[in-house]
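The values are calculated or read from the model by the stated rules, or taken from the named source; none is laboratory data. All figures in this text were calculated on a predicted structure; none of them were measured in a lab. So basically every Cβ, Gly included, is an ideal-geometry build from the backbone, and we count neighbours across all protein chains shown. Side chains included, ligands, DNA and RNA excluded: accessible areas come from the protein's heavy atoms. Shrake-Rupley method; radii C 1.70, N 1.55, O 1.52, S 1.80 Å.
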Amino acid sequence: MCKCKVIAVTNQKGGVGKTTTTENVAIGLSRQGFDVLIVDFDPQGDLTSCLGCSPKALYCSLAFALSVI
């Protein structure tokens, strides 16, 4: 059985570096050989954009899926 760790970067205030922190921690862990899964809950998809994918090009986003529940 694998040992998984969950790291959550949260804050209600905008502009405090959540996206930048998440991106850099994920990249650092990946470079150290860890498997990393990043989940972007931001409706604007800023983290998705930082990693090279256009949020508008996605068929369905997590924010959209949660909005129709």
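Extension gain for Q44 to C2 (0.36 nm times residue separation, less C-alpha to C-alpha distance): 11.9 nm. The listed peptides 31-41, 48-58, 3-13, ordered by packing as a protection proxy, come out as 48-58, 31-41, 3-13 (highest mean of other Cβ atoms within 10 Å first).
Overall size of the chain from C-alpha positions, given as principal axis extents largest first: 35, 31, 23 Å. Taking R0 as 22 Å, what's the FRET efficiency between V36 and S67 from their Cβ-Cβ distance, rounded to 0.05? In this case the efficiency is close to 0.25.
Quick one: net charge of I38's neighbours, Cβ under 13 Å, K/R +1, D/E -1? The answer is -4. The portion of the accessible surface of the chain made up by carbon and sulfur, rounded to a whole percent, is 57 (1.4 Å probe; DNA, RNA and ligands excluded). Rolling a 1.4 angstrom probe over the protein heavy atoms with all chains in place gives the chain an accessible area of 88 Å² per residue.
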